[in-house]
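Accompanying notes for the structure given below.
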Amino acid sequence: MNLLTLEKSEIGALLPPGDRRALHISTVLGKKPGDSIAAGILTIDPFGPAPGSLGRASVRQLDAEGLVLDYEALGESPPLWPLRLLLGFPRPIQGARLLRDLASLGVGEIVLTGTMLGERSYLESDLWKKGGYLQALREGAEQAGNPRLPRASRQWSVARALGALPQEAGAGRYVLHPGEGCARLSATALAAPLTLAIGSERGWAAEELCQLEEAGFVRLSLGSRILKTETACVAAVALALGQLGYL
């Protein structure tokens, strides 16, 4: 945790002693009342104004009753990168790790979608229904030192996901799928805003590839090797952000 994140309502409020931030401050950082730590106000908007979202939290109380923090605003967190990921819904355990990594890389938006070859039950898992995805995104933001969270949404099918995407002038759209004859992402000139589509563990169905291409997505590959979804996502996002000048 490189940045402690708070909701505005938590400033000055008593957090229970079992709260993960209380445990981190007391057992990992060894802080005591009067000490301070880098902190930020959790921000759902990845791009808009966020005045006072970066600052320092000072420990007012830390004992058996719990933790009380005060907050001093010092600046504004930078916006996330104009990169949207359209992602076939992964296995929940894999998905939590992946969302954490994507948030730490600064992806601005993540659209999780059901796919024809994916497991439908994943969409109803605790990762989404009980807010596990938000916790994963928050941990990624804390790792990166920026309290902004990517915008996250869920769609039941690729067709619905495509219908919900905004029409953006000059936006690049690319679908990643292994195959012969496709240009490589690493050799393709990219410009922001950018949308990358990456399938779930069994990839995209032929019908879905057609839907994506009809919606303006250009098919690219990450090379000849077949990668796990989480590996492909991190590799593709890193390549794209590097080419856009953000990494």
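Any read-out appearing in this document is the output of simple, stated calculations on the displayed coordinates, not a laboratory observation. These numbers come from a predicted model, not from an experiment. Here the Cβ is made from the backbone with ideal geometry for all residues, glycine too, and neighbour counts use every protein chain on show.
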Under the 0.36 nm per residue contour assumption, what length would be gained going from the current alpha-carbon distance of SER9 and ALA64 to full extension?
17.7 nm
Compute a Gaussian network model of the chain, connecting alpha carbons closer than 10 Å, and tell me which residue from VAL237, VAL28, VAL158 fluctuates the most.
VAL28
Fully extended, how many nm does the chain gain between GLU119 and ARG160 (0.36 nm per residue separation, minus their Cα-Cα distance)?
13.1 nm
What trypsin sites (Lys or Arg not before Pro) does the range 107-169 have in DSSP loop regions with at most 14 other beta carbons within 10 Å?
LYS130
The range 4-75, relative contact order [Cα under 8 Å, separation at least 6], %
37
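So if a site counts as exposed when it's one of the GluC sites (Glu not before Pro), its DSSP state isn't H, G, I, E or B, and it has at most 11 other Cβ atoms within 10 Å, what's the longest stretch of the chain without one?
So the longest stretch without any such site is 66-179.
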Please give the charge dipole size of the chain, origin at the Cα centre, charges +1 on K and R Cβ atoms and -1 on D and E Cβ atoms. Round to the nearest 20 debye.
300
Treating cross-link reach as a plain straight distance, find the lysines whose alpha-carbon is under 26 Å from the alpha-carbon of LYS32, omitting any fewer than eight places away in the same chain.
LYS8
Global geometry of the range 7-105, whether rounded, prolate or oblate, following the gyration tensor of its Cα atoms and the 1.5 cut on a/c:
oblate
Determine the percent antiparallel among the DSSP beta bridges restricted to the chain, to the nearest 5.
35
Pop the C-beta distance of ALA205 and ALA238 into the FRET formula with R0 = 25 Å and round what comes out to the nearest 0.05.
0.40
Report the local net charge at ASP45: Lys and Arg +1, Asp and Glu -1, summed over other residues whose C-beta lies under 10 Å from its C-beta.
+2
Using alpha-carbon pairs under 8 Å, 6+ residues apart, how would you state the relative contact order of the chain in percent?
20
